[in-house]
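*Asks:* I'd like to ask you about the structure that follows.
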Amino acid sequence: MNLEKLVAVSGMSGIYKMAANRNNGLIIEDLDSGKKRFASARKHQFTPLESIAIFTDDGDSVELKKVFSNMLEQYEDNPPISPNANSTELHEYFADVLPMYDRDRVHTGDIKKVIKWFTFLNEKGLISLDAESEADQSEDDDTTEENTQE
């Protein structure tokens, strides 16, 4: 799962792919239509998804990537609920996905965003559990090649 080029843009709903960086903003690509457009840094704030984390009870935080992985692992047994569900149901679902999340600092709106983003990215096929194991596998392959060359 690579969230590196994905950004949330204030004032615009959804998630976008960063196509290019300019000194006065970003050129972003809509993941639905593939259309690219300029988003000014004067008007918008950009938040890379890889920099987002969820607060936990122990005073630390968990990366969004890990939360998405937990949601994907539980997808068959515990599919994401509708973001329009009541706040009690949303918090119960999120407690199943990330039991140690800080209930005081993680608001209902945050949970709704995470569920919407996960659903959208999962439908686009941008979330997978294999990405981390593929990276580990490629490192193992490199090590194996080095050992055989010696």
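*Asks:* Looking only at the range 30-44, which residues are part of a loop (DSSP other than H, G, I, E, B) and hydrophobic (A, V, I, L, M, F, W, C)? Please lay out each step first, then the result.
*Replies:* Going through the range 30-44, the residues part of a loop (DSSP other than H, G, I, E, B) turn out to be 31-35, 41-44.
LEU31, ALA41, listed by residue number.
*Asks:* When the residues of the range 45-58 are filtered to those that are assigned to a loop (DSSP other than H, G, I, E, B) and surrounded by fewer than 16 Cβ atoms within 10 Å (Cβ to Cβ), which remaining residue is modelled with the lowest pLDDT?
*Replies:* Our first condition is that a residue be assigned to a loop (DSSP other than H, G, I, E, B); within the range 45-58, this holds for 45, 52, 57-58.
Those left that are additionally surrounded by fewer than 16 Cβ atoms within 10 Å (Cβ to Cβ): 45, 57-58.
Numbers: GLN45: 96, ASP57: 94, ASP58: 91.
Ranking the candidates gives ASP58 first.
*Asks:* So which residues in the range 20-44 are surrounded by 15 or more Cβ atoms within 10 Å (Cβ to Cβ) and out of contact with any Phe, Trp or Tyr (no Cβ under 9 Å at 6 or more places or on another chain), if there are any at all?
*Replies:* HIS44
*Asks:* Whether any residue in the range 12-29 is more than 20 Å from the chain's Cα centre (by Cα) and assigned by TED's automatic domain parsing to the domain that holds LYS116 is what I want to check.
*Replies:* Among the residues of the range 12-29, not one is more than 20 Å from the chain's Cα centre (by Cα) and assigned by TED's automatic domain parsing to the domain that holds LYS116, which makes the answer no.
*Asks:* Could you tell me whether ALA8 is of a type in the set (Gly, Ala, Ser), closer than 14 Å to LYS113 by Cβ, surrounded by 17 or more Cβ atoms within 10 Å (Cβ to Cβ) and under 12 Å from the mean Cα position of the chain (by Cα)?
*Replies:* Values: of a type in the set (Gly, Ala, Ser): yes; closer than 14 Å to LYS113 by Cβ: yes; surrounded by 17 or more Cβ atoms within 10 Å (Cβ to Cβ): yes; under 12 Å from the mean Cα position of the chain (by Cα): yes.
In short, yes.
The values are calculated or read from the model by the stated rules, or taken from the named source; none is laboratory data. Quick caveat, the model's predicted, so the values are computed rather than measured. Please note: Cβ atoms are built from the backbone with ideal geometry, for glycine as well, and neighbour counts cover all protein chains shown.
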